[in-house]
Each structure stands twice: as structure tokens, then as C-alpha cells.
């Protein structure tokens, strides 16, 4: 059993491309689950994570990180680093988008966190739309100041929660 684990680890080390920041909500890019990790999605688990995000904030550099597999020809390799430490100025993983196809990546680990984050961010989107609607309908004075503050807070949370630190592997290896 241990030799099997060591073999898998060697293969994984050979396939590892590095680390990157992945924007989890980007048009033209599609995640694929279940090819590597066939663990079924547990809705109660994602609901608990959403509650944790609400209570403690979303942790986008969680250890262990989300793990993805990509076709190296579909990404700009300059946006992948070999340094496992997340930095404020770490670039976003850039996919080469083409009008004819949707670029896919494999979500190898972290499916529950990913889905919980998508659902949590959708709730924040709804809250932001509600705040913006109130602002458009003429809130004034202190109410307007409070709504503007809430709008800025939600925008920041959505931007932060959409960027995840990921470990990147060559999906062909």
C-alpha cells in the first residue's frame, strides 16, 4: 500500500506546474469535477461551509489549497509560480480563451469549498443588488452613507472571495 502511495506522489510531483490565483467565476472557463475525485457532493457540507464563510469570512488561501489540473496549452505559464507562498501581487491564472471553445480545468480537490464559495458569493451578489437598488431609488443622508459603505464592503468581499490560491497540475500527466 505504501509503495502505491509513493508512486502516486512521484507522479503528482512530476505533473505539478506550480501555484496560481484562480478567479472562480470567469466566463468561458468551465470546471470539471469527478474525473479524479469521485466523492459525491454533500449539500449539508457545503451549507456548513457557507455558514462558516458568513461567520468567519471566506478563506481563499486555505491549506490544503484547491487543486486543479489544466492543459498547459490553455494557460499563460507566466501566470503560474513555483513559489507556494501567496502574495498580494500574485497574478491571476490566465487562460487562453478562444471564440470557438470553452476552456476546461479539472477540479482535483476542494469541490465542496468551491461549490460553497460559489453559493456564498451568489448570496453576496443578491445583497449587493439590493443595496444598489436602494441607492438608485433615492436613499439620502445617513441612510445613503450607510448603503454606500455596505456597497463597498460587499464589492470588496465578492472580489476577494472570487480569487482562490490553487495548486496547479498538468492534467495530461
Check your understanding: Can you give the helix-only mean residue ellipticity at 222 nm for the chain, where every DSSP H stretch with n ≥ 4 adds -39500 (n - 2.57) and the sum goes over all residues, rounded to the nearest 500 deg cm²/dmol?
Key -> -15000 deg cm²/dmol
**Study point:** Rh (Kirkwood; distinct C-alpha pairs) - segment 59-140, Å
**Key:** 15.9
Exercise for review: Using only the Cα atoms of segment 63-109, build the gyration tensor, take square roots of its eigenvalues as a ≥ b ≥ c, and label the shape rounded, prolate or oblate: rounded if a/c is under 1.5, else prolate if a/b is larger than b/c, else oblate.
Suggested key: oblate
**Study point:** Computed lengthening from residue 142 to residue 86, 0.36 nm per intervening residue step minus Cα-Cα distance
**Key:** 16.3 nm
Revision key, fill the gap. The helix 2-15 Cα axis meets the longest alpha-carbon principal axis of the chain at an angle in degrees, between 0 and 90 and rounded to 10, of 70
Review point. Can you list the equivalent-ellipsoid semi-axes of segment 109-173, largest first and in whole Å, using the square root of 5 times each Cα gyration tensor eigenvalue?
Key: 35, 11, 8
Check your understanding: Which value in nm describes the separation of the simple spin-label points at residue 31 and residue 129, placed 7 Å from the Cα toward the beta carbon?
Key -> 2.1
Review point. Rule-of-thumb check for the chain: C-alpha Rg over 2.2 N^0.38 Å?
Key: 1.20
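Since every read-out is calculated from the coordinates, none of them should be taken as a lab result. Because the structure is a prediction, the values reported are computed rather than measured. Positions of Cβ are backbone-derived with ideal geometry, glycine not excepted, and every protein chain shown enters the neighbour counts.
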